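Down below is the structure, laid out as structure tokens.
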Amino acid sequence: GAVVSQHPSWVICKSGTSVKIECRSLDFQATTMFWYRQFPKQSLMLMATSNEGSKATYEQGVEKDKFLINHASLTLSTLTVTSAHPEDSSFYICSARHPWTPYNEQFFGPGTRLTVL
Amino acid sequence: AQSVTQLGSHVSVSEGALVLLRCNYSSSVPPYLFWYVQYPNQGLQLLLKYTSAATLVKGINGFEAEFKKSETSFHLTKPSAHMSDAAEYFCAVSDPTGGGNKLTFGTGTQLKVEL
């Protein structure tokens, strides 16, 4: 149980276009999901916390107009990178908090590799 | 504020040798602590977690970690390394009193296992 999927697993886009990444909890309802960004050989940096039915909470330094997050249902959160530029190229990972799992444990998706040309 | 320090960005061991990956934390309250493993181009998989019960925590794949409050440490060990253990390992800390249920990650340790 507690499986999280992401789609697509990789995407290549042209500079200036927008890209949407989906994060789904497959076998549980997640009221809270998290979006991370990971640069090569580096750690995960939390971008935002996504709560179902409310606005996302962004970490300091993350442009909310650049990285649009929508948590429209208990099993789906989306991250849209708007007007993408090469510096947005990165590995984006989502995670979901299972409501019945204590200790703040998060279940992670497999990640999405974004390359902006 | 919480933080995690992982000493040694790269660790290399021989197959069959002891694995020791270091993690020290900083927290104003007794924390929850986690070790995750990441294989190339994949998400994170939970190895084990400390949640204020037993200080010696056993996880998957033969890994274990010991919570030492006096040393503010949560080092990850495995008695005998296997080639399949080669991966990136992240230590993470969370505030059990709230804090938005966030995880704060260390910078990671790349484990290399040699024949």
Response to the item:
The longest stretch of chain B containing none of the GluC sites (Glu not before Pro) that sit in a DSSP loop with at most 16 other Cβ atoms within 10 Å is B:16-70
Worksheet item: Out of region B:1-81, which trypsin sites (Lys or Arg not before Pro) are coil in DSSP terms and have no more than 15 other C-beta atoms within 10 Å?
Response: B:69
Worksheet entry | Diffusion constant of region A:1-62 at 20 °C, which comes from Stokes-Einstein with the Kirkwood Cα-pair radius and 1.002 mPa s, µm²/s | 157 µm²/s
Worksheet item: Put simply, what bits of region A:48-93 lose 20 Å² or more of accessible area when the other protein chains are there, versus the chain on its own (1.4 Å probe)?
Response: A:59, A:91
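Provide Rg over Rh for chain B; use the alpha carbon set for both Rg and the Kirkwood Rh (inverse mean inverse pair distance).
Taking Rg over the Kirkwood Rh, I get 0.96.
Starting from the Kirkwood Rh over alpha-carbon pairs, what translational D in µm² s⁻¹ does region B:1-68 have by Stokes-Einstein at 37 °C and 0.692 mPa s? Please report the intermediate quantities before stating the final value.
Details: Rh = 13.6 Å.
The diffusion coefficient I find is 242 µm²/s.
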Discussion item. Using Cα springs under 10 Å in a Gaussian network model of chain A, which residue among A:61, A:16, A:53 shows the largest mean-square fluctuation?
Written reply: A:61
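What do you get when you divide the Cα radius of gyration of chain A by 2.2 N^0.38 Å, with N the number of residues?
For chain A, the normalised Cα radius of gyration comes out at 1.00.
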Discussion item. Which of the three applies to region B:41-86, rounded, prolate or oblate, going by the alpha-carbon gyration tensor with a ≥ b ≥ c and a/c under 1.5 meaning rounded?
Written reply: prolate
Discussion item. For the interface of chains B and A, what total accessible area is buried with a 1.4 Å probe, rounded to the nearest 100 Å²?
Written reply: 1700 Å²
Item to complete: Enter the accessible area per residue of the protein assembly as shown (Å², integer; probe 1.4 Å; all protein chains in place).
Response: 48 Å²
Worksheet item: Considering chain B as a Gaussian network with a 10 Å cut-off on Cα pairs, which listed residue, B:19, B:29, B:57, attains the greatest mean-square fluctuation?
Response: B:29
Worksheet item: Using the C-alpha gyration tensor of the protein assembly as shown, what are the square roots of 5 times its eigenvalues, in whole angstrom, with the largest one first?
Response: 30, 21, 15
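Considering only protein heavy atoms and a probe of 1.4 Å, how much of the accessible area of the protein assembly as shown is carbon and sulfur, as a whole percent?
Taking all protein chains in place, the protein assembly as shown shows 53 percent carbon and sulfur surface.
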Practice prompt. Given a cut-off of 29 Å, name the pairs among A:41/A:64; A:41/B:78; B:78/B:102; A:64/B:58; A:14/B:102 whose C-alpha atoms lie farther apart than that in the structure shown.
Written response: A:64/B:58; A:14/B:102
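The values are calculated or read from the model by the stated rules, or taken from the named source; none is laboratory data. In this text the structure is predicted, and so the values were computed from the model without any measurement. Here the Cβ is made from the backbone with ideal geometry for all residues, glycine too, and neighbour counts use every protein chain on show. All accessible areas refer to the heavy atoms of the entire protein, side chains included, with ligands and DNA or RNA removed. Shrake-Rupley method; radii C 1.70, N 1.55, O 1.52, S 1.80 Å.
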